[in-house]
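Bear in mind these aren't lab numbers, they're just calculated from the coordinates by the rules spelled out. The structure displayed is predicted, hence computed values, not measured ones. Note: ideal-geometry Cβ built from the backbone for every residue, glycine included; neighbour counts use all protein chains shown.
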Amino acid sequence: MCEPQKTDAMPLLQVKNLRTYFHTRNGVVRAVDDVSFEIEKGETLGIVGESGSGKSVTCYSLLGLIPQPPGRIESGEAIFDNTDLLKCSTAELNRIRGKRIAMIFQDPMTSLNPYMRIEDQLIEPLLIHEKTGRQRAVELGVQALKDVGIQDAAQRIRSYPHEFSGGMRQRVMIAMALITKPDLLIADEPTTALDVTVQAQIIELVKRMQAERGMAVIWISHDLGVVAGLCQRVNVMYAGRVVESGPTTSIYRSPKHPYNHALQKSIPALQPKGAELYTIAGMPPDLSKPVTGCAFMPRCEFAQDICRAPVELKKDGPGHATACTRAQRGEINL
Amino acid sequence: MAETFLEVAGLKTHFPVERGVILRRRVGLVKAVDGVSFSLARGEILGLVGESGCGKSTLGRTILQLIPPTEGAVILAGKNLAGLNRSELRAARTDFQMIFQDPYASLNPRMTVFDALAEAMRAHRDISTGEIQDRVATLMQKVGLSPRFVKKYPHEFSGGQRQRIAIARALAVEPKLIIADEPVSALDVSIQAQIINLLAKLSREMQLTLIFISHDLSVVKHISDRIAVMYMGRIVEMGPAAQVFERPLHPYTKALVSAVPIPDPAREHQRQRLILSGDPPSPMNPPSGCAFHPRCAYAKADCSQAVPTLEAFDPTRTTACIRAREIN
């Protein structure tokens, strides 16, 4: 796997104070609330969290994929190679999206156009971004399908999406995302709809592609297992905020934030068989109501009055940061 | 082991594939369940795993006679469910219930929780309104919901709470067997834990026999006493949960277990993975012999000859692989 190159002064992508709110009839939903992170060239960053924690909205915001209205990016910047993605015009974004930053989505059934042959969808990025001639583009398309492990690529490229299985469609999505050799791949739960055996194939494929091409990957998932094997660093999100961030090993081995700790205790794979699983009391907060202090406080077993005060993500170790007032004061040992 | 409570013998569910509107002709046969036999004791939890399309849901539904079996018997407490007529089957349904994957789709949005639970009770016997009210309240408490919520509608609940309501509805007729088809797959990790704990507790307290269908092996391993692994309509391996998971016998189980990601970076980087190539074969046109042989790392010529039967490997475990002794 590729080590991040520390030689560059600027990270590949630097996100600062991103806030994405949705203005709905029922109030303002703070889907992403002050999120900052960065990713180096060739690095793999995992973003984990439960549904509604803001992991997808974070990445959609970066690529201008938030429907506006009702959504609005309230503040923040996302510097990608000296360009602020959040301030780009659509035309500028179009030069970056699908070329230097590619994205794959959860559901390969709905993200391929059922009326178009694989060929036409697959080579579209080349025709648009690289002005490749059609014949050359088809050659590259066949090669891209071979690279992701599709047999008889030269024939299969003429098929329609419905002729492919779910795993093969996701391979096509990956081939399409990688065909322009992007610097950054954003993968939004790409294996959630797939069987474990196919999931293992896709993860190996992304790892291999990354090693060959040195691209950076942001992998969004609710599955702590997938992230453990794939990512070098992990951001844990809760209620629209990053609550803990650090190298994968320390996120799993020595969790600092009570939410991250509780999450680890509630998955069956890490617990002795048949033992009662730890459950987090209560439910995630309603994001349309403003939360001043720690959003996890109402469900946290370590909560005290001090947790009502605003809390920030603070560095507390090499590359590790936690947003928990009591952990920052060294009052809780998990 | 205790006395047999549920026995499934040679169960087959075949679906004809037909073409044409007026002149319908049969163009194929999908053997969704193709000769499954096992037995369970009272209070036992069986985990049923396999990839999508392997027939695990069809097997669950066929056991409960929601799909008529093509062949075979389902003997529940001495009664063959496959041989019952409609009214007998209806009477027998109080003994077995089902919980579905999607709690958003399996509850009627126009019925309050009270109506949903009361309907199940009234459907099977005459019961006074007062008694219904008492029993609904008890059921709600049993699944961890406050009886104050009985007048609410499904949309007012979260996914985890809805799954609790679905469980309460299944329990309303006091069944002895519950088949839960992917009951936690649609839920978030922290909510999954609550539902798994609840099902384990109910099974223990009420001596419920539970068949837990899931594609998530770590969940199945956690809750089950025994695990059955299905591939292309047949059970390929069956045994005590921890053993199947830690020392799988059948090459397919080995690949399945190895594909499950471990949420521990150190172990995840160390281990050697067995990556299966390709997708499961088309059920319309299954491979000859052992259905797994085209994807199997251990396959040899004999494997494509005859369909291997499920045979005892040791006193507690069975597997359907002719090379099981050689490769283990």
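At a glance:
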| quantity | calculated |
| --- | --- |
| Least to most buried among A:S245, B:S282, B:S106 (fewest other Cβ within 10 Å first) | B:S282, B:S106, A:S245 |
| Choice from A:S159, A:S53, A:S250 showing the highest fluctuation, given a GNM over chain A with Cα pairs closer than 10 Å | A:S159 |
| Helix B:189-206 axis, angle to chain B major axis (alpha carbon atoms, nearest 10°) | 80 degrees |
| Around A:I96: net Lys/Arg minus Asp/Glu count, Cβ-Cβ under 13 Å | +1 |
| Chain A: most fluctuating residue of A:V236, A:V196, A:V142 per GNM, C-alpha cutoff 10 Å | A:V196 |
| For q = 0.15 Å⁻¹, Debye-computed log10 I/I(0) when each Cα of region A:238-308 counts as one equal scatterer | -0.58 |
| Neighbour-count ranking [beta-carbon atoms within 10 angstrom, fewest first] of A:Y115, A:Y160 | A:Y115, A:Y160 |
| √(5λ) per eigenvalue of the Cα gyration tensor, region A:108-179, largest first, Å | 18, 13, 11 |
| Centroid-to-centroid separation of region A:91-136 and region A:37-78 [C-alpha atoms, Å] | 21 Å |
| Distance from region A:187-238 to region B:238-297 (C-alpha centre basis), Å | 20 Å |
| Whole-Å semi-axes of the ellipsoid equivalent to region A:114-265 (Cα gyration tensor, √5λ, descending) | 34, 16, 13 |
| For region B:119-214: rounded, prolate or oblate by the Cα gyration tensor [a/c cutoff 1.5] | oblate |
| Most mobile of A:Q232, A:Q155, A:Q121 in a GNM of chain A (Cα contacts under 10 Å) | A:Q155 |
| Relative contact order [Cα under 8 Å, 6+ residues apart], region B:199-328, whole percent | 21 percent |
| Estimated FRET transfer efficiency when R0 is 30 angstrom, pair A:Q135-A:D107 (beta carbons, to 0.05) | 0.40 |
| Given charges at beta-carbon only (K, R positive; D, E negative), |dipole| of chain B in Debye | 460 debye |
| All lysines inside 21 Å of B:K31 as judged from Cα atoms, apart from same-chain residues fewer than 8 positions distant | B:K12, B:K56 |
| Projected area, mean over directions - the protein assembly as shown, Cα convex hull, nm² | 33.2 nm² |
| Region B:7-77 and region B:124-175: distance between their alpha carbon centers, rounded to Å | 30 Å |
| Over chain B: helical MRE at 222 nm, DSSP H runs n ≥ 4 each giving -39500 (n - 2.57), nearest 500 | -9000 deg cm²/dmol |
| Solvent-free Debye scattering, log10 I(q)/I(0), computed from the Cα coordinates of region A:41-139 at q = 0.15, 0.17, 0.19 Å⁻¹ | -0.82, -1.02, -1.19 |
| For B:P154, net neighbour charge (Lys/Arg +1, Asp/Glu -1) across residues whose Cβ lies under 14 Å away | +2 |
| q = 0.06, 0.08 Å⁻¹, chain A: log10 I(q)/I(0) [Debye, one scatterer per Cα] | -0.22, -0.40 |
| CD proxy at 222 nm, helix term only [per DSSP H run n ≥ 4: -39500 (n - 2.57); per residue of chain A; nearest 500] | -8500 deg cm²/dmol |
| Rounded, prolate or oblate (a/c below 1.5 giving rounded, otherwise prolate when a/b exceeds b/c) for region B:42-201 by Cα gyration tensor | oblate |
| Positive minus negative residues near A:V28 (Lys, Arg vs Asp, Glu; Cβ under 10 Å) | +2 |
| Distance cut-off 30 Å, percentage of C-alpha pairs in region B:4-327 lying past it | 39 percent |
| At least 20 Å along the helix axis (C-alpha) and Kyte average at least -0.5, DSSP helices within chain A | A:196-213 |
